[in-house]
Amino acid sequence: MTTAAAPDVAALVQELSTAISQREAIGPLTAHTPLTVEEAYGVQAAHVAARVAQGDRVIGAKLGLTSKAKQKTMKVDEPCYGVLLASGLLPAEEPLMLETLIHPRVEPEIVFRIGERLAGPGVTSAAVLAATEAVGCGMEIIDSRFADFKFTLADVVADNTSAARFILGPRWVDPSQIPDLSLVGVVLESDGQPVTTAAGAAILGHPAEAVALLANWMGARGQAIEEGWIIFSGGMTDAVPLTPGRHVIATFGRLGRITVRAVGPAADSVA
Ligand code: OOG
Ligand code: MG
């Protein structure tokens, strides 16, 4: 039996970093380097560590591909996770400057603020809810470093699951105020037209299930969801491309409403 040579993690991190700094999409890493999903998490961790060494800070994590809508469109049918960096937080009132990204898209998510360290194995959605200090809503702005958002599971994991920016909603609510997060609805509008609607149940049946999955995956890697982290549980609907001038509004009922306004030219964003 032959085993594949270990990937050159530093070279892959460099490729991703260059795509971000040059705002230019690249081809999938797996087109030239065989990569297992486990190795891909190693690339993601090395990339995040490099950002932290440059002064950034990990403030949470995000699930990816936890809804059927996302899995179908992205043609990857398994969830995954990435890291949220402090530099990604876009204040709610600020427009998104398109020239800072490659081809951004936006998606509505239910967000958890975790009050107690959580690490698997054995973390259940009930344990997640017990450890949740507050729930809120968010909009994630994803920006795959890969051309046309075409990737395999290993590629998207290495690329920190397309993480770019995120916006937090107007309020945090005690979880006891929302009896069932699977019933929280969202209405997504683009330029004044309704695009789609979804409910929390779109996220693995219940968004806390996604956070439990994350805690168990992290536990298996000797990591944990740390106290105070915010967790984006995954896009409830397909993402909407942010083209110049586009206004996207997500309304989540009692969790509030978020508006994203895209400003300026974008190299590769017309969809
Ligand atoms: C991958 C990231 C998916 C989500 O919420 O499902 C994601 C992508 O669609 O580029 O963040
Ligand atoms: Mg997302």
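The values are calculated or read from the model by the stated rules, or taken from the named source; none is laboratory data. On a predicted model such as this, the values are computed, not experimentally measured, just so you know. So basically every Cβ, Gly included, is an ideal-geometry build from the backbone, and we count neighbours across all protein chains shown. These area figures cover heavy atoms from the full protein model, side chains too; ligands, DNA and RNA do not enter into them. Shrake-Rupley method; radii C 1.70, N 1.55, O 1.52, S 1.80 Å.
Any residue in the range 92-107 that is closer than 19 Å to HIS206 by Cβ and touching a Gly at 6+ places or on another chain (Cβ under 7 Å)? Yes.
Reported count of residues in the range 64-91, each being in contact with an Asp or Glu (Cβ under 6 Å, 6 or more places away or on another chain), open to solvent by 30 Å² or more (accessible area, probe 1.4 Å) and within 11 Å of ligand 1 (Cβ to nearest atom), is 2. When the range 228-254 is filtered for residues that are outside any strand (DSSP E or B), over 24 Å from THR100 (Cα atoms) and more than 16 Å from ligand 2 (Cβ to nearest atom), the ones remaining, listed by number, are GLY228, GLY253, ARG254. For the range 92-112, the set of residues classified as in contact (Cβ under 8 Å) with a residue 24 or more places away in the chain and open to solvent by 20 Å² or more (accessible area, probe 1.4 Å) consists of ALA92, PRO95, MET97, GLU99, THR100, ARG105, listed by residue number.
Within the range 138-165, the set of residues being closer than 25 Å to GLY185 by Cβ and assigned to a helix (DSSP H, G or I) comprises THR161, SER162. Could you please let me know if GLN177 is within 25 Å of PRO104 (Cβ to Cβ) and out of contact with any strand residue (DSSP E or B) (no Cβ under 6 Å at 6 or more places or on another chain)? For GLN177, the condition - within 25 Å of PRO104 (Cβ to Cβ) and out of contact with any strand residue (DSSP E or B) (no Cβ under 6 Å at 6 or more places or on another chain) - is not met. Tell me whether the range 127-144 contains one or more residues that are away from ligand 2 (no atom under 15 Å from the Cβ), crowded, with 24+ Cβ neighbours inside 10 Å and among the hydrophobic types (A, V, I, L, M, F, W, C). Checked against the condition, which is being away from ligand 2 (no atom under 15 Å from the Cβ), crowded, with 24+ Cβ neighbours inside 10 Å and among the hydrophobic types (A, V, I, L, M, F, W, C), the range 127-144 yields at least one hit. Looking across GLY205, GLY235, one residue alone is without any contact (Cβ under 8 Å) to a residue 40 or more places away in the chain and under 19 Å from the mean Cα position of the chain (by Cα). It is GLY205. Quickly run through the range 154-182 and pick out the residues that are away from ligand 2 (no atom under 13 Å from the Cβ), open to solvent by less than 20 Å² (accessible area, probe 1.4 Å) and of a type in the set (A, V, I, L, M, F, W, C). The answer is ALA154, VAL157, ALA158, VAL173, ILE178, LEU181. ALA215 fulfils the conditions (1) more than 14 Å from ligand 1 (Cβ to nearest atom); (2) open to solvent by 10 Å² or more (accessible area, probe 1.4 Å) except for a single criterion, (2).
Contact map, the range 148-175: residues that are within 24 Å of THR100 (Cα to Cα) paired with residues that are open to solvent by 60 Å² or more (accessible area, probe 1.4 Å) and within 13 Å of ligand 2 (Cβ to nearest atom), Cβ distance under 9 Å, separation 6+ or inter-chain. Pairs shown: PHE149/THR73.
When LYS150 is tested against the conditions (1) more than 16 Å from ligand 2 (Cβ to nearest atom); (2) among the basic types (Lys, Arg); (3) in contact with a strand residue (DSSP E or B) (Cβ under 8 Å, 6 or more places away or on another chain), the lone failure is (3).
Residues that are in a strand (DSSP E or B) and buried (at least 22 other Cβ atoms within 10 Å of the Cβ) were ranked within the range 113-126; the one that is nearest to the chain's Cα centre (by Cα) is ILE114.
For first residues located in the range 46-71 and more than 19 Å from SER17 (Cα to Cα), partners that are of a type in the set (Asp, Glu) and lie 6+ apart or on another chain with Cβ distances below 6 Å form the pairs ALA69/ASP238; GLN71/ASP77.
Assessment of the range 18-32 against the conditions (within 19 Å of ARG165 (Cα to Cα), within 16 Å of ligand 2 (Cβ to nearest atom) and touching a strand residue (DSSP E or B) at 6+ places or on another chain (Cβ under 8 Å)) yields no matching residue. The residues on offer are ALA53, ALA61, ALA46, and the sole one that is among the hydrophobic types (A, V, I, L, M, F, W, C), surrounded by 15 or more Cβ atoms within 10 Å (Cβ to Cβ) and farther than 18 Å from ASP143 by Cα is ALA46.
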